[in-house]
Structures are given as C-alpha cells and as structure tokens.
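Input: a single structure, listed below in structure tokens.
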Amino acid sequence: MLLGVTVMVFIVLSVVPADRATAVLGENASEDAKEAWREERGLNAPLVVQFFRYLGGVLRLDFGVTNPPEESVASKIATAFPVTLQLTFLGILLAVVLALTLGILGALYRDRWPDQAIRIFSIAAIATPSFWLAILLIQWFALPEGSIFPTGGLAWADQYGFVGWLYSMALPALALGIPVSASLIRVVRTSMVEELDRDYVRTAIGNGVPYRTVVARNVLRNALVTPVTVLGLRVGYLLGGAVVIEKIFSLNGMGDLIVVGLTTSDTNLVQGAVLTIAVAFVLVNIVVDLLYLLINPRIRTV
C-alpha cells in the first residue's frame, strides 16, 4: 500500500503542468536560468530515474528539501505532524465516546423514543459536511462576544498550557468527530441488537445472571468487533478531514503543509506529507487488527 501511494503521488505530481523552476525563480527568470535550476536538481532526468532516486531517499527518511528558503521536508513534517495527530486523536476519542454511548442506548431502547431521537441525530450528522459544521461552530461559539473558544490557532495553548490547548482543540475536534460518530452509532446499535437477540443472552438471564452484567461483560465485548473494523477505516477520513479542518481553524498541521506545497508547486513537501499520512493510516489499521485479539480471543485460534 505504501509503495502504491508513493508511486501514485509521484506520477500525479509529475504530470501536473505547474513548473517548479518558475515557481521558485519567478516568471521573469530566463529560460537558461530555469533550465540550469532543473538540471542542478535532477529534474531533467527520466521519470523512472527520478522516482528511484526519491524512493532511495524515502528509505533513508530523506524527503528532500522544500523550495527556497530551502528547509528539510522531514523537519517540517516533524513540526506539523504532531498537530494533526492531536486533532485526529481528539476526533477519534469524541467519535468513540458518542458512538458507544448513543449506540448502546439506542439498542437497549430499540424502537422507543430514545432510539428514534438517536436515529434522527445520526442521520443529520452523517449528512453534515465537517467543513460546514466547523464554520457553524466558529459562528456560534467563537465569534460572539464573551465566547470561551478561540477562532483558531494554538495561541491559547502557549498562553494557558493544557487548558488553553484543550479549548483551542475543542471546536476542531467537534467538527471532525461528530460526522464520524454518526456512522459508528448506527454500526454499534446494529451490532448490539444482533447480540442481544442471541440465545446465550436469554440463557444467561434465565440462569439468574443480571441483565446489566450480561450486557457489560458479554454482549458489548462481542458487539465491538464490527465497530472497531469500521473505526479503523474511518481513520483515513479523519486524517483527510483534518487537512480541511486545520485550514479553517488556522492550525499549522499537515493540511497546511499540503496546501502550501500545492500552491507553491513544492512537490517534495506534498509527497512527504501525503506519504506520512499514508504510513499513519497503515499503522492504525495494524493496531486495529491487534485489537481484534483483545476483543475476541477466539480469533487467535483461527
């Protein structure tokens, strides 16, 4: 997967009509100066040669340098990636808490008014784009006079420490996590309903085991396998959505790097940022596979 992402991004950025030499030297630069700049950086070599040079650098964790002022792409990623990780983690945490709470509640009160209200919320949240929700949250909770949330940036984190960081990340995490939680709510509810209808639940209750104990120890654990699978797949959406949310809330994360790289024709920066996000996505899915062993030990014997 990582090799495929590397090849795809390299090819796409190679066929883009933007010229790095023009972006760096300016439109008024002579053709001789542009040609000399391309030759110095090996851009006149065949694409296959350029790709294997780049792949060799990636294997050494060397993503090259940015357009002038030339800085290491790896150092830029090392500064921006923690911001994206923080936002994604809070978005996942919010989505999981909402999904478990409302999904379990909907299953326990199936076809009654709490279940109907949760269904309406999940459908509305699924239909809500994260960027539109982000703008609404800023208008409602950040722009009014006396609001306790900043409109963007991490200045409060530098000024007030952890509490300031939490306030700075609250609205972005809500905008990112609520749409994801909506799909998870429906998956958790469906899995819980299926488990509650199984014979072992009726047998355990008939033998005198308290209903709450059966739900907490058996039903919930067995019902989590499918939601964990969906959550692993939604991490890709969270990482991609974080790119947009970061720009709206002026967070200097991976989204800022990608946008800057695209607008300045900085292919090294874009390639390094996209590949880093792809690595994170693959690692998260590996962790999800390992979580299966904790949730359902029977998988170990398969």
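Checked against the criterion of being farther than 23 Å from Gly240 by Cα, surrounded by 18 or more Cβ atoms within 10 Å (Cβ to Cβ) and modelled with pLDDT of 90 or more, region 64-71 contains not a single residue that satisfies it.
Filtered by the rule that a residue be in a helix (DSSP H, G or I) and open to solvent by 40 Å² or more (accessible area, probe 1.4 Å), region 39-52 gives Glu39, Glu40, Leu47, Val48, Val49, Phe52.
All conditions in (1) surrounded by 12 or more Cβ atoms within 10 Å (Cβ to Cβ); (2) over 17 Å from Ser265 (Cα atoms) hold for Asp32, with the sole exception of (1). Count of region 71-111 residues, restricted to those that are of a type in the set (Lys, Arg) and assigned to a helix (DSSP H, G or I), is 1.
The sole residue among Ser147, Ser130, Ser122 that is modelled with pLDDT under 90 and open to solvent by less than 20 Å² (accessible area, probe 1.4 Å) is Ser130.
Leu61 meets all of the listed conditions (1) aliphatic (A, V, I, L, M); (2) open to solvent by 50 Å² or more (accessible area, probe 1.4 Å); (3) part of a helix (DSSP H, G or I) but one, namely (3).
Restricting attention to region 13-21, does a residue exist that is under 31 Å from the mean Cα position of the chain (by Cα), in contact (Cβ under 8 Å) with a residue 12 or more places away in the chain and within 30 Å of Pro227 (Cβ to Cβ)? No. Checking the structure you have, find out if any residue of region 96-106 is open to solvent by less than 20 Å² (accessible area, probe 1.4 Å) and hydroxyl-bearing (Ser, Thr, Tyr). No, region 96-106 contains no residue that is open to solvent by less than 20 Å² (accessible area, probe 1.4 Å) and hydroxyl-bearing (Ser, Thr, Tyr).
Within region 153-189, the only residue that satisfies the criterion of being open to solvent by 30 Å² or more (accessible area, probe 1.4 Å), outside any helix (DSSP H, G or I) and in contact with a Ser or Thr (Cβ under 9 Å, 6 or more places away or on another chain) is Leu154. The residues listed here are Thr88, Thr84; of these, the one that is touching a residue at least 24 places away in the same chain (Cβ under 8 Å), under 30 Å from Phe121 (Cβ atoms) and touching a Gly at 6+ places or on another chain (Cβ under 7 Å) is Thr84. Screening the candidates Ala223, Ala242, Ala216 for the property of being open to solvent by less than 40 Å² (accessible area, probe 1.4 Å) and either under 18 Å from Leu108 (Cα atoms) or touching an Asp or Glu at 6+ places or on another chain (Cβ under 6 Å) (or both) yields one hit, Ala223.
The values are calculated or read from the model by the stated rules, or taken from the named source; none is laboratory data. Quantities reported herein were computed from a predicted structural model and do not represent experimental measurements. Cβ sites come from the backbone with ideal geometry, for glycine too, and all protein chains shown count toward neighbours. Protein only, heavy atoms only, side chains kept; ligands, DNA and RNA dropped before computing areas. Shrake-Rupley method; radii C 1.70, N 1.55, O 1.52, S 1.80 Å.
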